[in-house]
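*Asks:* Sharing a structure here in structure tokens format.
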Amino acid sequence: MTTSDPYSANTGGPANPAREKLVTLRLALLRLHKTLLDMERREYERVHGKVNTGELFRLVIDHEQFAWLHNISEFVVRLDESLAGEVPVSPDDTRSTIMLARKMFAPSESGDGFQKRYFDAIQRDPAVVIEHAELARLFANEPADLPAS
């Protein structure tokens, strides 16, 4: 017996464009997270020396330098829960999730802690700029706010 991948755009059921958008967002956030993790690892290793995969895992969990990346991990976990849920993803779910992501990933020198760190990362690493541009393209394809009810 095979089961469908709950994190795939195609779960074997009828097409669901709202769900497909969340899958696209999830994949973009995973790529961005990896790029930011690689950037922080290079910076950490520049100061402290090389680390192996196990040490990196411990650092990602416990070290202050990597703590700001937990916001992305938590966002992806929430996406995973929506995608794996039994209730189909609705267009309203997708709109509200993309609105939250748009706010969270708005780099700003004067924003919250995450937005400041994200702004700094964009200034430091061209690979982050590329991933941010992909996220911005995804956001540009969605309405800026929810319609009034």
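*Asks:* Rounded, prolate or oblate: which fits the stretch 63-139, taking a ≥ b ≥ c as square roots of the Cα gyration tensor eigenvalues, rounded meaning a/c under 1.5, else prolate when a/b beats b/c?
*Replies:* Prolate.
*Asks:* May I pose another question? Suppose each label sits 7 Å from its Cα in the direction of the beta carbon; what would the T24-E109 distance come out to in nanometres?
*Replies:* Here the modelled spin labels are 3.3 nm apart.
*Asks:* Taking a probe of 1.4 Å, how large is the accessible area per residue of the stretch 32-149, in Å²?
*Replies:* Value for the stretch 32-149: 61 Å² per residue.
*Asks:* Here's something else I'd like to know. Which residue fluctuates most in the GNM of the chain (Cα springs below 10 Å): L36, L83, L100?
*Replies:* L100
*Asks:* A further question follows. Which ³J(HN,Hα) values in Hz, rounded to whole numbers, follow from the phi angles of the stretch 17-23 under the Karplus curve 6.51 cos²θ - 1.76 cosθ + 1.60, where θ = phi - 60° and Gly and Pro get x?
*Replies:* Each residue of the stretch 17-23 in turn: x, 5, 5, 4, 5, 5, 5 Hz.
*Asks:* Relative contact order, percent, of the stretch 89-149 when contacts are C-alpha pairs under 8 Å separated by at least 6 residues?
*Replies:* Computed over the stretch 89-149, the figure is 32 percent.
*Asks:* Next question. Quick one: go through the stretch 49-87 and flag any residue whose amide nitrogen is under 16 Å from the point 7 Å out along the Cα-to-Cβ line of M39.
*Replies:* Within reach of a label on M39: 65-73.
*Asks:* Sticking with this structure for a sec: Normalised by the residues of the chain, what does the relative contact order come to in percent, with Cα pairs under 8 Å and at least six apart?
*Replies:* 29 percent
*Asks:* While we're on this one: When the accessible area of the chain is computed with all protein chains present and a 1.4 Å probe, what percentage of it is carbon and sulfur?
*Replies:* With neighbouring chains kept in place, the figure for the chain is 55 percent.
*Asks:* Using a 1.4 Å probe, how large is the accessible area of E64, given in Å² and rounded to the nearest 10?
*Replies:* Counting only protein heavy atoms, the figure is 150 Å².
*Asks:* State, to one decimal in nm², a quarter of the convex hull surface area for the C-alpha atoms of the chain, i.e. the direction-averaged projected area.
*Replies:* In nm², the orientation-averaged hull projection of the chain is 11.3.
The values are calculated or read from the model by the stated rules, or taken from the named source; none is laboratory data. Just so we're clear, the structure is a prediction, and the values are computed from it rather than from any experiment. Neighbour counts run over all protein chains shown; Cβ positions are idealised from the backbone, glycine included. Remember, those area values only see protein heavy atoms, side chains included, never the ligands or the DNA or RNA. Shrake-Rupley method; radii C 1.70, N 1.55, O 1.52, S 1.80 Å.
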